Amino acid sequence: MAKSPEAEHPLKAIGWATKDTSGVFSPFKFSRRATGEHDVQFKVLYCGVCHSDLHMAKNEWGLTQYPLVPGHEIVGEVTEVGSKVEKFKVGDKVGVGCMVGSCRQCDQCTNDLENYCSKMILTYSAVYIDGTITYGGYSNLMVADEHFVVLWPKNFPLDIGAPLLCAGITTYSPLRYFGLDKPGMSIGVVGLGGLGHVAVKFAKAFGTKVTVISTSINKKKEATEKLGADSFLVSRDPEEMKAATGTLDGIIDTVSAHHPILPLISLLKPHGKMVLVGAPEKPLELPAFPLLSGRKLVAGSGIGGMKETQEMIDFAAKHNILPDVEIIPIDYINTAMDRLGKSDVKYRFVIDIAKSLKLE
Amino acid sequence: MAVTGYAQKSFGWAATDTSGVLSPLHFSRRENGSDDVTIKILYCGVCHSDLHSVKNDWGFTKYPIVPGHEIVGLVTKTGCDVQKFKVGDRVGVGVIVGSCKTCDICQQDLENYCPKVIFTYNSRDQDGTRTYGGYSDIVVVDQHFVLHIPDNLSSDACAPLLCAGITVYSPMKYYGMAEPGKHLGVAGLGGLGHVAVKFGKAFGLKVTVISTSQKKESEAINKLGADSFLVSTDPAQLKAAMGTMDFIIDTIAAVHSLAPLLDLLKMNGKLVTVGLPDKPLELPIFPLVLGRKLVGGSDIGGMKETQEMLDFCGKHNINADIELIHIDYINTAFERLAKSEVRYRFVIDVANSLARN
């Protein structure tokens, strides 16, 4: 018979978990493994609340293993390192993102693309190599293989920076990979939420001209005055969209709700690229003509490898790129999830774990 | 109304309404200008686009329409500024006969993507009239849009290269598929697909044909040289081939879901669609995001690349596989084409069958 979450590992841990598809969180006692020779153990200080956490809490993707302790934008301070760990020492500030394991041998892994490894292990709700279920950062303690830990830059805020570990890499990676990072390029960002607002910041830092495309005129002022976007398009306004036809080199589409992509493809210049990083559940309609007549492409991208994640954090620290966050205590999480479901946050909640989650 | 007032009389077969039925039409073409060549048409390939166009499937046909954009013929006149061709040369004309020539896109030899591109038929020419295509006796074309045919290619069997050939050659180069040893899937085995298989093998790729029809397997492997064949309606075969292909050229002209094809791609794999269904394709997003896969489009190619493609075919002795027909068979040919009953392109023997009344 499988051991209970509290008994399966030697170290006591506490977190907040959902137990069923209601997605309601409550305190949860479990345990973490002893620090293996390649592991880094750290005290969690902050954890970002990603929209994926909400999808998983309610098992919207059919992947959830309950009880679920989500959280994959985790920052903290190292408390112990395994005997073969070289990159980290006690006291270091570190981060863990969306994955905690991969096969380390396949083509993807050897090319620093662990996120595309067919055996990649997610930070939560996945089966780890020891057969136990992984628990994420809505908890007081994490133990992770050093390969999947990033070193946090000195003097870079942990609380505000935490969401970069998912939202940051998710938008940084495709901007780089698809060559949408050249100064002077025109880049569109669709959707202004956790991913979108970080995409705007990175795109501006790359020297591109940024247009935010949103269904809601209400976001215009923030987009242009606070986030630094160069222009704003209301996607439901046909006149505005028509005037912007064929003006963008690339688009990062962060919207996870079902939406038409033809109007967005029309915004692309010939040879333009549209990259989806939000993941609508149902297929979208792809009209062939516009794609062909301009030799355009539609691609997807999902987070990034560990090397690139470290590169992204270092880039963000160097250029002072930080998400806009609302810090909350852990016991606010259910309200936060309700608000997140209505996009009522500018633009990421971050749980102050250190102050609000205590091991009794 | 057919254009009749121009200097050079012309005769062809045209559709006059959405039934798409073709019948003889007398019309005229412009005088041979200083940059023009006049071409006596020998052969013209029958492209699936011709069928879509005569029936106005895409909604922008103006009748009467004389289709045909896979034209091979002999030069009969050359304008005073024409340097590249002389009378008697064997030449080809493909899908485009004009562009602005001055924009950034034209300057990059991508005339096919120029916003002012002029198509060989059913397009607004510079003088405001409609262009007429190769199901006719002669055509008058700016030399920039005329191509040399390598000596060793057959006039009839090379005609389809002028559309089908460049349509698959261009994306295979642009999307980086010409890498020996990589694995290419070709979805759909018709006019475009069979040429893609030939090019794939010439590029040194492993080629798998993906088709709904088991009947095409023997030909695909034994005649066209494909390495393997996958029946896309067989879930077991699809499953066994999951994540094995670096690239897919999707030539299927009917509406279809991209989901099974995307699953065949490896991580970072690329699917390029060159077929033109009249309704949108179904695109699942999860496979794109989880595998960083992409779906790209491509539309013929520029003039420089089209000549490069023809020269490549000359070097590798690549012709299309054709069924030669007379012009008065065209309506039956269209019916068979709609049912994919051709191996793999009809080519009209214009010179021997198109007689003025």
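The values are calculated or read from the model by the stated rules, or taken from the named source; none is laboratory data. Quantities reported herein were computed from a predicted structural model and do not represent experimental measurements. Methodologically, a virtual Cβ is constructed for each residue, glycine included, from the backbone with ideal geometry; neighbour enumeration extends over all protein chains shown.
Can you tell me which residue is surrounded by the fewest Cβ atoms within 10 Å (Cβ to Cβ) among those in the stretch B:97-136 that are outside any loop (DSSP other than H, G, I, E, B) and aliphatic (A, V, I, L, M)? Explain how you work it out, then say what you get.
Step one: filter the stretch B:97-136 for residues outside any loop (DSSP other than H, G, I, E, B), giving B:97-98, B:104-107, B:111-113, B:118-119, B:124, B:130, B:136.
Going one step further and asking which of them are aliphatic (A, V, I, L, M), we end up with B:97, B:105, B:118.
Details: B:Val97: 26, B:Ile105: 21, B:Ile118: 18.
Across the stretch B:97-136, the extreme among qualifying residues is B:Ile118.
Filter the stretch B:239-259 down to the residues that are surrounded by fewer than 22 Cβ atoms within 10 Å (Cβ to Cβ), closer than 12 Å to B:Gly185 by Cα and of a type outside the set (Asp, Glu) and list them by number.
Within the stretch B:239-259, B:Ala241, B:Met242, B:Gly243, B:Thr244 qualify.
Any idea how many residues of the stretch B:226-260 are within 14 Å of chain A (Cβ to nearest Cβ) and touching an Asp or Glu at 6+ places or on another chain (Cβ under 6 Å)?
Residues flagged as within 14 Å of chain A (Cβ to nearest Cβ) and touching an Asp or Glu at 6+ places or on another chain (Cβ under 6 Å) within the stretch B:226-260 amount to 2.
Only one of A:Leu284, A:Leu291 is closer than 24 Å to B:Leu276 by Cβ and surrounded by 22 or more Cβ atoms within 10 Å (Cβ to Cβ). Can you tell me which? Break it down into steps so the answer makes sense when it comes.
Working: A:Leu284 fails: surrounded by 22 or more Cβ atoms within 10 Å (Cβ to Cβ).
Among A:Leu284, A:Leu291, only A:Leu291 is closer than 24 Å to B:Leu276 by Cβ and surrounded by 22 or more Cβ atoms within 10 Å (Cβ to Cβ).
Residues of the stretch B:67-102 being within 14 Å of chain A (Cβ to nearest Cβ) and either within 20 Å of B:Ala320 (Cβ to Cβ) or in contact with a Pro (Cβ under 7 Å, 6 or more places away or on another chain) (or both), which ones? Outline the logic, then answer.
Residues of the stretch B:67-102 within 14 Å of chain A (Cβ to nearest Cβ): B:95-96, B:99-100.
Residues satisfying the conditions are B:Val95, B:Ile96.
Looking only at the stretch A:310-333, count every residue that is part of a helix (DSSP H, G or I) and surrounded by fewer than 16 Cβ atoms within 10 Å (Cβ to Cβ) and tell me the total.
Here the count works out to 3.
Hey, among B:Ala226, B:Ala254, which residue is assigned to a loop (DSSP other than H, G, I, E, B), in contact with a Lys or Arg (Cβ under 9 Å, 6 or more places away or on another chain) and either without any contact (Cβ under 8 Å) to a residue 24 or more places away in the chain or not polar (S, T, N, Q) (or both)? Show your work before the answer.
Working: B:Ala254 fails: in contact with a Lys or Arg (Cβ under 9 Å, 6 or more places away or on another chain).
Selected residue: B:Ala226, the only one of B:Ala226, B:Ala254 that is assigned to a loop (DSSP other than H, G, I, E, B), in contact with a Lys or Arg (Cβ under 9 Å, 6 or more places away or on another chain) and either without any contact (Cβ under 8 Å) to a residue 24 or more places away in the chain or not polar (S, T, N, Q) (or both).
Mind listing whichever residues of the stretch B:103-128 are more than 14 Å from every other protein chain (Cβ to nearest Cβ) and either acidic (Asp, Glu) or under 23 Å from B:Ala351 (Cβ atoms) (or both)?
B:Thr120, B:Tyr121, B:Asp125, B:Asp127 - these are the residues of the stretch B:103-128 that are more than 14 Å from every other protein chain (Cβ to nearest Cβ) and either acidic (Asp, Glu) or under 23 Å from B:Ala351 (Cβ atoms) (or both).
Within the stretch A:312-330, can one find any residue that is of a type outside the set (D, E, K, R), under 29 Å from B:Ser49 (Cβ atoms) and under 22 Å from the mean Cα position of the chain (by Cα)? If you could, list the steps in order and put the result at the bottom.
We begin by selecting, within the stretch A:312-330, every residue of a type outside the set (D, E, K, R); these are A:312-313, A:315-317, A:319-323, A:325, A:327-330.
From what's left, under 29 Å from B:Ser49 (Cβ atoms): none.
Within the stretch A:312-330, not a single residue is of a type outside the set (D, E, K, R), under 29 Å from B:Ser49 (Cβ atoms) and under 22 Å from the mean Cα position of the chain (by Cα).
On the given criteria, is B:Val255 within 28 Å of A:Leu297 (Cβ to Cβ), in contact with a helix residue (DSSP H, G or I) (Cβ under 6 Å, 6 or more places away or on another chain) and modelled with pLDDT under 95? Reasoning before the result, please.
Values: within 28 Å of A:Leu297 (Cβ to Cβ): yes; in contact with a helix residue (DSSP H, G or I) (Cβ under 6 Å, 6 or more places away or on another chain): no; modelled with pLDDT under 95: yes.
The answer is no for B:Val255.
So, restricting to helices (runs of 4 or more DSSP H) that lie completely within the stretch B:150-210, which ones have at least 2 residues that are in contact with a Pro (Cβ under 8 Å, 6 or more places away or on another chain)?
Counting at least 2 such residues, we get B:191-202.
Among the residues of the stretch A:123-148, how many are charged (D, E, K, R) and either assigned to a loop (DSSP other than H, G, I, E, B) or within 13 Å of another protein chain (Cβ to nearest Cβ) (or both)? Give the derivation first.
Filtering the stretch A:123-148 for residues charged (D, E, K, R) gives A:130, A:145-146.
Filter once more, so that each one left must be either assigned to a loop (DSSP other than H, G, I, E, B) or within 13 Å of another protein chain (Cβ to nearest Cβ) (or both): A:130.
Result for the stretch A:123-148: 1.
Might you check whether a residue that is within 14 Å of chain A (Cβ to nearest Cβ) and either modelled with pLDDT of 95 or more or closer than 27 Å to B:Asn317 by Cβ (or both) occurs anywhere in the stretch B:188-206? Lay out the reasoning, then the answer.
Of the stretch B:188-206, the ones within 14 Å of chain A (Cβ to nearest Cβ) are B:188, B:192.
Still in the list and also either modelled with pLDDT of 95 or more or closer than 27 Å to B:Asn317 by Cβ (or both): B:188, B:192.
Yes, the stretch B:188-206 has at least one match.
Can you tell me how many residues in the stretch A:64-92 are surrounded by fewer than 17 Cβ atoms within 10 Å (Cβ to Cβ) and small (Gly, Ala, Ser)?
Qualifying residue count, the stretch A:64-92: 2.
Only residues that are surrounded by fewer than 24 Cβ atoms within 10 Å (Cβ to Cβ) and either acidic (Asp, Glu) or closer than 12 Å to A:Pro323 by Cα (or both): list them for the stretch A:183-197, please. Break it down stepwise before answering.
Initial filter on the stretch A:183-197 (surrounded by fewer than 24 Cβ atoms within 10 Å (Cβ to Cβ)): A:183-186, A:193.
Result: A:Gly193, single match.
Show the residue pairs that are 6+ apart or on different chains and have beta-carbon atoms under 9 Å apart, the first residue being within the stretch B:264-288 and at the interface with chain A (Cβ under 7 Å from one of its Cβ atoms), the second being of a type in the set (Ser, Thr, Tyr) and part of a strand (DSSP E or B).
B:Leu281/B:Ser257; B:Leu281/B:Thr273; B:Glu282/B:Ser257; B:Leu283/B:Ser257; B:Pro284/B:Ser257
Say we look at the stretch A:107-122 and pick out the residues that are more than 18 Å from the chain's Cα centre (by Cα) and within 9 Å of chain B (Cβ to nearest Cβ); which of these is farthest from A:Ser301 (Cα to Cα)?
A:Asp107
With respect to B:Lys173, determine if the residue is touching a residue at least 60 places away in the same chain (Cβ under 8 Å), outside the structural domain of B:Thr78 (by TED's automatic domain parsing), surrounded by fewer than 17 Cβ atoms within 10 Å (Cβ to Cβ) and under 22 Å from the mean Cα position of the chain (by Cα). Give the steps one after another, and end with the answer.
Working: touching a residue at least 60 places away in the same chain (Cβ under 8 Å): yes; outside the structural domain of B:Thr78 (by TED's automatic domain parsing): yes; surrounded by fewer than 17 Cβ atoms within 10 Å (Cβ to Cβ): no; under 22 Å from the mean Cα position of the chain (by Cα): yes.
No; evaluated as a whole, the condition is false for this residue.
Looking at the stretch B:289-328 only, could you name the residues that are more than 7 Å from chain A (Cβ to nearest Cβ), in a loop (DSSP other than H, G, I, E, B) and not small (Gly, Ala, Ser)?
As a first pass, look at the stretch B:289-328 and keep what is more than 7 Å from chain A (Cβ to nearest Cβ): B:300-328.
Still in the running and in a loop (DSSP other than H, G, I, E, B): B:300-302, B:317-321, B:326.
Across the stretch B:289-328, the qualifying residues are B:Ile300, B:Asn317, B:Ile318, B:Asn319, B:Asp321, B:His326.
Within the stretch A:347-357, is even one residue among the basic types (Lys, Arg) and without any contact (Cβ under 8 Å) to a residue 12 or more places away in the chain?
Here is the first cut: in the stretch A:347-357, the residues among the basic types (Lys, Arg) are A:348, A:355.
Now narrow it down to the ones that are without any contact (Cβ under 8 Å) to a residue 12 or more places away in the chain: none.
Among the residues of the stretch A:347-357, not one is among the basic types (Lys, Arg) and without any contact (Cβ under 8 Å) to a residue 12 or more places away in the chain, which makes the answer no.
Please enumerate the residues belonging to the stretch A:244-303 that are at the interface with chain B (Cβ under 8 Å from one of its Cβ atoms) and of a type in the set (S, T, N, Q).
Matches in the stretch A:244-303: A:Ser293, A:Ser301.
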